[in-house]
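What follows is a short report on a single structure.
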There are 2 protein chains.
Amino acid sequence: MNETVAVRLSGTVRIVGAGLLGASIGHALTAKGVDVALADTSPAQLRLAVDYGAGRLAADDDRPVLVVVAVPPDVTADVVQAELARHPEAVVTDVASVKLEPYRTLRDRGVDLTRYIGSHPLAGRERGGAISARADIFIGRPWVVCRDAETRPADLALVESLALELGAMPLEMTPEEHDRAVALTSHVPQVVASLLAGRLADADDGALRLAGQGVRDTTRIAASAPELWVQILGANAAPVVEVLDALAADLAQVADALRDPDRMGARRVMAEAIRHGNEGVERLPGKHGQNRRFEQFVVMVDDTAGQLGRLFGELGELGVNVEDLRLEHSPGAQFGLAEISVAPATLRGAIEGLEARGWRIASTTND
Amino acid sequence: MNETVAVRLSGTVRIVGAGLLGASIGHALTAKGVDVALADTSPAQLRLAVDYGAGRLAADDDRPVLVVVAVPPDVTADVVQAELARHPEAVVTDVASVKLEPYRTLRDRGVDLTRYIGSHPLAGRERGGAISARADIFIGRPWVVCRDAETRPADLALVESLALELGAMPLEMTPEEHDRAVALTSHVPQVVASLLAGRLADADDGALRLAGQGVRDTTRIAASAPELWVQILGANAAPVVEVLDALAADLAQVADALRDPDRMGARRVMAEAIRHGNEGVERLPGKHGQNRRFEQFVVMVDDTAGQLGRLFGELGELGVNVEDLRLEHSPGAQFGLAEISVAPATLRGAIEGLEARGWRIASTTND
């Protein structure tokens, strides 16, 4: 497949939409010597992307082998249709974060979709725009590719090679599978985190002083931009509603149990809710796609530059590989707590070795 | 206050309940030379706590200045009542994670509560039991103390000095304030994380491959133990239900908007939900209790021991203090992404310095 890539991507790649994703793809391809032709309805955004090195201005006589449509979900179908007509030799893909709505719109219009292959790189940044674009945002991330029965193998290979060139991992799914998957793993978690964080918005300052790492983690993604999410949720409404309704039913069941916690069966409802959650969180892919379990310990770290360097340097000397790490700052205290995850076999050596070097080891906190 | 502490805690502290919290308090006080007398209804648990150095076996002629009741919420009131009767000179506190139910039970029984001061250290570990106990789990954490009109200043000082001795920060609250605060900041986030994770339990493997850091963070605390949480939720049912009902109403509103996303006002409902969440997450206390904002960047780190050490060592050389850090592992890839937060003023220097030293800087990912 890599050989195909080298041949095909040596032609021009046209990118329509020079925002974060479009410009990031442009940067990555330009860095690999591919001719990237950029187009955008906003001359200012386009100029910025070119100035930052994401590609050159598109020309009327471009003959791209591949067109990447990187525009907001609500205009994706229109732009894909226009590009299929404009470049009758090219394969056209899009990178919108919903896949069924654009596909269905195009099909309902009777557009020949032989050369269209929808895709979705699971990559992004908290800030959008050409100015935030970076070539590296795709590395190691899944990149969903939606083929259908009409798709030609060479065209599929071209889109998958785009993903591979950018360091992503192509995953084939149907548009329906993709949209249900992101509803569950991305869109509903966003809604839930936002609503939970919304409950904090009107709380007393005093109450918020008791907030620990648990609620911080649970609400972290609630910092996301409203404009973007209104589009995403609106374009994937049905699968999101399906999960939200199931979640609302679960929530009502737990709330009902708590309205009379001493009635027969109430405690069992609560226990099952927590236990079922245990099962779900265990299924999330961990490091290297596996569900390996690690042991944690917490090291107190002074709030000075270089302390973490010394800590990790010494862990390296001890031959301990840090599998995960989380820094927690105590409100009001002049030090941090570094929660370190290691393979169970290296736990004892790590703790004893660090203590021998004078580090204060606290324990895993869980509030 | 510290002088009072030294005088009063030089007497015997009796700890009833040698589980995680009781034994951890025992370890911390023993390390400071305080005489700790341990009691537990389980001879095995008690023996284990003594063997691990959390204190000595309690004796019939002990005359404690302070009794710490560290038993499950559902037996806290009974044990507090018994201890008040048994040690008529002692101040009695408890460390249960709900505060109103034990207080109300004792008051309804007509118990004289002059010498009782409920408290709650916001500390814990993912595993319970004497064997998991550590002296350091209280350091830097809030420790809520519930005084009332009858409380004598010297008794309050004694309980607050216990918190201070263990490195915690005493916070005065009423039982009602405490229970509402933990419902919002701990109990409801637990329910929400568990229910959301429960939705993942029956999902396709394929869908879960798209899971990123967002859903992992949102569901992390869903790994908590059912037994413990059934007790906590049952004992704080009313405040938890109040927040859950408000959340359910918010959820229904968003789901209704998504059932017909093109109707007038639907997009506004979605946008307001996300925007209100932005406000809430901004109110969570950050480092040193402030809401300082940091800039993030992502460094690619090989999956070998010592790489993080080199990274943080070099950041230290560059004079850059790491304010927060998060390690992300790409499914299937042999490297990790270290998301590093720094003060805005040091961002450029950090990135340029690291790039000059050969590090690959990616960008902040947000799925």
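Amide H contacts under 5 Å for B:ARG360: B:MET300, restricted to partners 5 or more places along the chain or on a different chain, H placed in the peptide plane at 1.01 Å from N.
Taking one quarter of the surface of the C-alpha convex hull of chain A gives a mean projected area of 23.7 nm². Straight-line cross-link partners of B:LYS32 among the aspartates and glutamates, defined as a Cα under 12 Å from its Cα and at least 8 positions apart when in the same chain: B:GLU165.
Helix A:226-235 and the long axis of chain A differ in direction by around 70°, with both axes built from C-alpha atoms. By the count of other C-beta atoms within 10 Å, a proxy for reagent exposure, B:HIS27, A:HIS178 are ordered fewest to most as B:HIS27, A:HIS178. Using only alpha carbons, segment B:97-243 has a radius of gyration to Kirkwood radius ratio (Rg to Rh) of 1.05. Simple point charges give the picture: +1 on the Cβ of Lys and Arg, -1 on the Cβ of Asp and Glu, and for the protein assembly as shown a dipole about the Cα centre of about 640 debye. Distances between copies of A:GLU317, taken at a point 7 Å out from Cα along the Cα→Cβ vector and listed shortest first: 1.7 nm.
Each copy carries B:GLY206; placing its label point 7 Å along the C-beta direction from Cα gives inter-copy distances of 5.4 nm, listed from smallest up. Distances between copies at A:ARG259, taken between label points 7 Å from Cα along the C-beta direction, are 2.0 nm in increasing order.
When the alpha-carbon atoms of segment B:121-189 are used, the pair Rg, Dmax equals 13.4, 38 angstrom. For segment B:150-194, the spherically averaged projection of the C-alpha convex hull amounts to 4.2 nm². For segment B:23-153, dividing the convex hull volume of the Cα atoms by the residue count gives 119 Å³ per residue. Reducing segment B:116-180 and segment A:148-200 to their Cα centroids gives an inter-centroid distance of 46 Å. Legend: Rg and Dmax of the protein assembly as shown, from Cα coordinates, 28.1, 98 Å.
No lab work stands behind these numbers, since they all come straight from the coordinates. The shown structure was predicted, so the numbers you read here are calculated from the model rather than taken from an experiment. Positions of Cβ are generated from backbone atoms using ideal geometry, with glycine treated the same way; all protein chains shown enter the neighbour counts.
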